[in-house]
Amino acid sequence: MTEWIEKIEKADSPAKIEEIRVGVFGKKGVLAKAFSEMKNAANEDKAKIAKELNEQKAKLNTLLNEKKIILETAALQEAMKAEGIDVSLFAPRSEAGGTHPVMDTMDRVIEYFSNLNFSVETGPMVEDDFHNFEALNLPKYHPARDMQDTFYFKDEALLRTHTSPVQIRTMLNTKPPIRMIAPGSVFRRDFDITHTPMFHQIEGLLVDDKGKVSFANLKFILEGFLHHMFGDVEVRFRPSFFPFTEPSAEVDISCIFCKGEGCRICSKTGWLEVLGCGIVDPNVFDAVGYKDVSGYAFGLGIERFAMLIHQIPDLRSLFEGDMRLLEQF
Ligand code: DAH
């Protein structure tokens, strides 16, 4: 009896307890043996022996159950300690993705014009000659086509060289008045420090009744936009040429690097060219069958904006997917 009590005390796992329980209560256990030996005892002693054995049986049972609970609780606590989470520990930095600087710049432009009620339109990247050139007042063999080096497929299909064809598609699909921007990828045969064969533009077009839209309106909206993108800069409009606008202008901001003093990035001019714009040429309205309307249009390259905003020297690096560069944004 004392021997078994000691064993229970020393047991160090629930499995050990079960082992002891079999040794005591099992068919071949000590109790079964003791009860069977009772038949050899003198008759007058039998009742006493039986009583004693039953008391021992009850006591061992209680001890086993108690010890089992203690051991199981300890085992559970160990397991919880091992599997638990310490929320006060520092977690390693997780590798979450981020918005690419080009898309981030695009989002900022879209947000600005969306707030002014411009709708966001899209068009196909594989265009035809009519939408990409003809309707934009760029007839076949017109020398202005040389301004853009085009990727051609067979049968007049081409990769759009600018987002301007979305102007044409939108005008053909809806009626004036129109206030739209068209963000998207465009393609040209060009590859150097400031050109990649694929890049992004945002086109803008506003059309309303004849006489309602002036160059002053265009100037006002673009000045607000450029101040939003570049902060406190000077904005100047320089006469230029685009086939789809007349008059046309190129827009410069005072150099954000040298504040107009003249540096390497602005080629010592103090100015950075950032977009093209103008009053929609009547030939464009003729091509889509619009009568008695007036409008303005503008177009800009997103990568150029991103490069200036983030001071990225080589445009090509934006498309190399090098994490060392991208992680900086
Ligand atoms: N499509 C021109 C380009 O790719 C950009 C542009 C200039 C768009 C003037 C316009 C505009 O709508 O009026 O270089």
It is to be established whether one or more residues within the range 250-270 are at pLDDT 95 or above, at negative phi and hydrophobic (A, V, I, L, M, F, W, C).
yes
Residue check for R179: over 21 Å from the mean Cα position of the chain (by Cα), closer than 13 Å to E203 by Cα and part of a helix (DSSP H, G or I)
no
If we scan the range 190-206, do we find a residue that is within 14 Å of the ligand (Cβ to nearest atom), more than 28 Å from the chain's Cα centre (by Cα) and farther than 23 Å from I110 by Cβ?
yes
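Out of all the residues in the range 314-329, is one or more more than 30 Å from A96 (Cα to Cα) and assigned by TED's automatic domain parsing to the domain that holds V213?
no
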Name the single residue that is farthest from R160 (Cα to Cα) among those in the range 286-303 being buried (at least 20 other Cβ atoms within 10 Å of the Cβ) and out of contact with any helix residue (DSSP H, G or I) (no Cβ under 8 Å at 6 or more places or on another chain).
S294
Looking only at the range 153-176, which residues are within 23 Å of E111 (Cβ to Cβ), within 29 Å of the chain's Cα centre (by Cα) and not in a helix (DSSP H, G or I)?
H162, T163, S164
Could you list all residues from the range 76-107 that are assigned to a loop (DSSP other than H, G, I, E, B) and within 16 Å of F305 (Cα to Cα)?
T99, H100
What residue, among those in the range 119-152 that are touching a Leu at 6+ places or on another chain (Cβ under 8 Å) and part of a loop (DSSP other than H, G, I, E, B), is nearest to the ligand (Cβ to nearest atom)?
T150
Can you tell me which of I193, I168 is of a type in the set (A, V, I, L, M), farther than 15 Å from L116 by Cβ and crowded, with 21+ Cβ neighbours inside 10 Å?
I168
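Yes/no matrix, rows are residues, columns are (1) aromatic (F, W, Y); (2) touching a helix residue (DSSP H, G or I) at 6+ places or on another chain (Cβ under 7 Å); (3) within 26 Å of W271 (Cα to Cα):
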{"position": "F187", "(1), (2), (3)": "yes, no, no"}
{"position": "M198", "(1), (2), (3)": "no, no, yes"}
{"position": "E203", "(1), (2), (3)": "no, yes, yes"}
{"position": "F237", "(1), (2), (3)": "yes, yes, yes"}
{"position": "F241", "(1), (2), (3)": "yes, no, yes"}
In the range 221-232, is there at least one residue being surrounded by 15 or more Cβ atoms within 10 Å (Cβ to Cβ), of a type in the set (G, A, S) and modelled with pLDDT of 95 or more?
no
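So which residues in the range 289-328 are outside any helix (DSSP H, G or I) and either within 14 Å of the ligand (Cβ to nearest atom) or among the polar types (S, T, N, Q) (or both), if there are any at all?
Of everything in the range 289-328, those that are outside any helix (DSSP H, G or I) and either within 14 Å of the ligand (Cβ to nearest atom) or among the polar types (S, T, N, Q) (or both) turn out to be S294, G295, Y296, A297, F298, G299, L300, G301, Q311, Q328.
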Out of all the residues in the range 233-257, which are more than 10 Å from the ligand (Cβ to nearest atom), more than 17 Å from R304 (Cα to Cα) and not in a strand (DSSP E or B)?
E234
Among S248, S214, S240, which is out of contact with any strand residue (DSSP E or B) (no Cβ under 7 Å at 6 or more places or on another chain), small (G, A, S) and in the same structural domain as I279 (by TED's automatic domain parsing)?
S214
Go through the range 265-285 and give me each residue that's more than 14 Å from the ligand (Cβ to nearest atom) and either touching a helix residue (DSSP H, G or I) at 6+ places or on another chain (Cβ under 9 Å) or among the polar types (S, T, N, Q) (or both).
I265, S267, T269, L272
Show the residue pairs that are 6+ apart or on different chains and have beta-carbon atoms under 9 Å apart, the first residue being within the range 42-54 and closer than 14 Å to A32 by Cβ and in the same structural domain as L31 (by TED's automatic domain parsing), the second being among the small types (G, A, S) and surrounded by 10 or more Cβ atoms within 10 Å (Cβ to Cβ).
L53/A34
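The values are calculated or read from the model by the stated rules, or taken from the named source; none is laboratory data. Nothing here was measured: the structure is a model prediction, and the numbers come from that model. Note that each Cβ is placed from the backbone with ideal geometry, even for glycine, and that neighbours are counted across all protein chains shown.
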